[in-house]
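The values are calculated or read from the model by the stated rules, or taken from the named source; none is laboratory data. What you are looking at is a predicted structure, and each value in this text was computed from that prediction instead of being measured. Note that each Cβ is placed from the backbone with ideal geometry, even for glycine, and that neighbours are counted across all protein chains shown.
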Amino acid sequence: MRRTSRRRPFAAALLAVSVLALTAAASATASPAVDARPAGVRATDTDGYGRDSDGHGRGDDARDGLGPALSARLDEAIADVREQAGIPGVVVGLWMPGRGNYVRATGVADKRTGRPMSADDYVRIGSETKTFTVTALLELVDRHRVRLDDPISRYVPGVPDGHRITLRQLAGMRSGLFPYTSDADFQHDLLSDPQRSFTPRELLAYGFKHPNTFAPGARFEYSNTNLVLLGLVVEKVTGHELRDVIERRVLRPARLRHTLFPKGNEFPEPHPQGYTDQTLSGEVTNSTNWNPSWAWAAGAMISNLQDLRHWAEVVATGTLLSPGTQAQRLRTLPTGFPGTTYGLGIFDASGWIGHNGSLPGYETVTVHLPSKKATLVVMLNTDVTYQGQEPSTLVARAVTEIVTPDNVYAGAVVTP
């Protein structure tokens, strides 16, 4: 994440990467093309009602629209943002009970071939992964396997001041642990070889070289170090890999059949090419096949429009958790950024509950507005900022200015 105004909010992206080298050869290395759908389910399979065979609505289902006038306003607003910010392709899904739905895929998924963006595309969801990791942790809380006020030292040795830092503080970004993505050696090692696979312990080592930035609980500071530790807690308590726990305890109960935690740089088809300017020269490069292992529990996952639509409501309303645990999750505290407060792996941005994600080449926003039971999902195939602002924030703000003027998406916060 670059430290500019409203830059990389809650992203699983890099810090200060403009001063580091990026190898052009790495961007040309192809990842395996895989299909994450269950056997027999294709992007075009429907049950006759515009839904996939798993019951979720299809991305290109245009029935029950918002009406031609409002849809036209949204079309124009999104087109304006795309043109101004130079966004190759964008998918926007908006579902508002009582008013209608709006799903649009515009622009290109591949600038070389001109393939159009599709509402059926998979994307890398970056820091939205945090909502899944924290849900896995909170599910353990409900099963009385862990307590939010346990110290991290009970589960992971060697954490600086770990006997004073609680799981609650880690999930709420109030631990004071140094963000490993701010470490110059980490940035050099990653950007020298974007295909490299990192282990969680290797990631933590970059951060633990530095003193803690403040006393536990003293203030808010967004740090991917926190989520890597929580991922290790889940593995320690369950005895299973984090990706397997998320699959079994989160994705299956939530019926998210098109969401996955990759082992490497595999990427289900169809997916757009991702474009980033996080290079030494500042030139835009293709980052589609970079290995997201460096983000792990903080930002490695992949999903699609309809799964994200469903997940937005699940995570905001606490479908998988007890009411008491969900209430603790939604107890948000100030971040120091206007309009945005943060709970346990989730934010409140002017009433919109959820998270956003950003890593080189992709950005997403997945939020739910409980007061109107509305859901908004935005997916882009670039993270190149415009006038210091993330393109996903610009799109989400433009949409909400039209449809929910009393709850205009504020965007998230800037990392240190």
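Residues checked against (1) in a loop (DSSP other than H, G, I, E, B); (2) more than 23 Å from Gly411 (Cβ to Cβ):
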| site | (1), (2) |
| --- | --- |
| Ser118 | yes, yes |
| Val123 | no, no |
| Lys130 | no, no |
| Thr133 | no, no |
| His144 | yes, yes |
| Arg147 | yes, yes |
| Ser153 | no, yes |
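In the list Leu251, Leu203, Leu227, which residue meets the criterion of being buried (at least 20 other Cβ atoms within 10 Å of the Cβ), in a helix (DSSP H, G or I) and touching a strand residue (DSSP E or B) at 6+ places or on another chain (Cβ under 9 Å)?
On the way: Leu203 fails: touching a strand residue (DSSP E or B) at 6+ places or on another chain (Cβ under 9 Å); Leu227 fails: touching a strand residue (DSSP E or B) at 6+ places or on another chain (Cβ under 9 Å).
Answer to the selection: Leu251.
For the stretch 328-372, which residues satisfy the criterion of being in a strand (DSSP E or B), of a type in the set (Gly, Ala, Ser) and touching a Lys or Arg at 6+ places or on another chain (Cβ under 6 Å)? Lay out the reasoning, then the answer.
Within the stretch 328-372, the subset in a strand (DSSP E or B) is 333-337, 340-342, 347-349, 352-359, 362-369.
Next, only the ones that are of a type in the set (Gly, Ala, Ser) stay: 336, 349, 354, 357-358.
Of everything in the stretch 328-372, just one residue is in a strand (DSSP E or B), of a type in the set (Gly, Ala, Ser) and touching a Lys or Arg at 6+ places or on another chain (Cβ under 6 Å), namely Ser358.
Being modelled with pLDDT under 95, crowded, with 20+ Cβ neighbours inside 10 Å and either aromatic (Phe, Trp, Tyr) or assigned to a loop (DSSP other than H, G, I, E, B) (or both) narrows it down to one residue among Val408, Val414; which is it?
Values: Val408 fails: modelled with pLDDT under 95.
One residue alone meets the criteria, Val414.
Here's the yes/no breakdown for (1) under 27 Å from Arg143 (Cβ atoms); (2) surrounded by 23 or more Cβ atoms within 10 Å (Cβ to Cβ); (3) in contact with a Phe, Trp or Tyr (Cβ under 7 Å, 6 or more places away or on another chain); (4) of a type in the set (Phe, Trp, Tyr):
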{"site": "Phe198", "(1), (2), (3), (4)": "no, no, yes, yes"}
{"site": "Gly207", "(1), (2), (3), (4)": "no, yes, yes, no"}
{"site": "Ile246", "(1), (2), (3), (4)": "yes, yes, yes, no"}
{"site": "Arg257", "(1), (2), (3), (4)": "yes, no, no, no"}
{"site": "Asn265", "(1), (2), (3), (4)": "no, no, yes, no"}
{"site": "Ser293", "(1), (2), (3), (4)": "no, no, yes, no"}
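Look at Thr325 and say whether it is buried (at least 24 other Cβ atoms within 10 Å of the Cβ), modelled with pLDDT of 95 or more and assigned to a helix (DSSP H, G or I). Steps first, please.
Working: buried (at least 24 other Cβ atoms within 10 Å of the Cβ): no; modelled with pLDDT of 95 or more: yes; assigned to a helix (DSSP H, G or I): yes.
Spelling it out, it is not the case that Thr325 is buried (at least 24 other Cβ atoms within 10 Å of the Cβ), modelled with pLDDT of 95 or more and assigned to a helix (DSSP H, G or I).
State all residues of the stretch 278-291 that are in contact (Cβ under 8 Å) with a residue 60 or more places away in the chain, surrounded by fewer than 22 Cβ atoms within 10 Å (Cβ to Cβ), under 18 Å from Ser192 (Cβ atoms) and not polar (S, T, N, Q); if no residue qualifies, say none.
Across the stretch 278-291, the qualifying residues are Leu280, Gly282.
Quick check: anything in the stretch 90-103 on the phi > 0 side of the Ramachandran plot, at pLDDT below 95 and surrounded by 14 or more Cβ atoms within 10 Å (Cβ to Cβ)?
Kept after step one, since they are on the phi > 0 side of the Ramachandran plot, are these residues of the stretch 90-103: 98, 100.
From what is left, the residues that are at pLDDT below 95 are 98.
Narrowing the set further to residues that are surrounded by 14 or more Cβ atoms within 10 Å (Cβ to Cβ) leaves none.
No, the stretch 90-103 has no match at all.
Say whether the condition of being touching a Leu at 6+ places or on another chain (Cβ under 7 Å) and surrounded by fewer than 22 Cβ atoms within 10 Å (Cβ to Cβ) is met by at least one residue in the stretch 371-394.
Scanning the stretch 371-394 turns up at least one residue that is touching a Leu at 6+ places or on another chain (Cβ under 7 Å) and surrounded by fewer than 22 Cβ atoms within 10 Å (Cβ to Cβ).
Would you please name the residue that is surrounded by the most Cβ atoms within 10 Å (Cβ to Cβ), looking only at residues in the stretch 162-183 that are touching a residue at least 40 places away in the same chain (Cβ under 8 Å) and either of a type in the set (Gly, Ala, Ser) or out of contact with any helix residue (DSSP H, G or I) (no Cβ under 9 Å at 6 or more places or on another chain) (or both)? Full working, then the answer.
First pass over the stretch 162-183, keeping only residues touching a residue at least 40 places away in the same chain (Cβ under 8 Å): 164-182.
Subsequent filtering for residues that are either of a type in the set (Gly, Ala, Ser) or out of contact with any helix residue (DSSP H, G or I) (no Cβ under 9 Å at 6 or more places or on another chain) (or both) retains 171-172, 175-176, 182.
Numbers: Ala171: 26, Gly172: 24, Ser175: 31, Gly176: 23, Ser182: 22.
The residue in question is Ser175.
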